[in-house]
Amino acid sequence: MDTGTHYRERLAVPIRWWAQGTMLVASLWLAVIVAVPGPFAWAVTFVAAALMVAFFLSYGGAVLSVQDGWFRAGRAKVEVRFVDEVQALDAEQTRLVAGRDADARAYLLLRPYRSKAVKVSLRDPADPTPYWLVSTRRPERLAEALSRAVDAAG
């Protein structure tokens with residue numbers, strides 16, 4: 001079995017979130033600086049900026065990978081031998097599978113700034129999760145890499 005990485009993607013938050021977050025922190029500073037002494041205003045602003053950075057790095061730190069016979073999506077992982085069907089979804093299909101046609105038992109790794117996803121159906125009799133729905137920037141490439149890994153695993 002090939003031990004190299006077949007696919008890897010980090011679901012980083014978009015630049016516009018960083019710009020909007022920075023403007024929010026700047027607005028907070030402006031509101032606080034007129035009401036309290038300068039050092040306290042700067043301390044509050046620093047804490048708010050640190051919290052924003054920590055949240056964006058954590059939320060955008062989810063990684064998708066197909067490597068060494070495993071598919072990893074965020075903190076979850078599954079051996080590719082338990083993967084049944086892989087389907088790349090466009091924005092409309094993703095909206096339907098994540099909403100109206102959703103199964104409450106499914107594993108979801110969705111990001112609001114990614115409109116496309118991949119649906120990975122599972123065939124593990126010991127796992128009640130019927131499928132994973134995973135946001136991705138490149139659904140066709142992820143689906144292809146995962147399908148190749150499934151074929152290689154037999």
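The values are calculated or read from the model by the stated rules, or taken from the named source; none is laboratory data. Note that the coordinates shown come from a computational prediction; the quantities given were computed from them, not determined experimentally. No Cβ is skipped: glycine too gets one built from the backbone with ideal geometry, and neighbour counts run over all protein chains shown.
A compact table of results
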read-out: All strands (runs of 3 or more DSSP E) inside segment 67-154 with 1 or more residues being among the charged types (D, E, K, R) and loosely packed, with under 15 Cβ neighbours inside 10 Å; value: 76-79, 83-89
read-out: Residue within segment 13-35 that is in a loop (DSSP other than H, G, I, E, B), in contact with a Gly (Cβ under 7 Å, 6 or more places away or on another chain) and at pLDDT 95 or above present; value: yes
read-out: The lone exception for residue 66 - which of (1) in contact with a helix residue (DSSP H, G or I) (Cβ under 8 Å, 6 or more places away or on another chain); (2) free of Cβ contacts under 8 Å to residues at least 12 places away in the same chain it fails; value: (2)
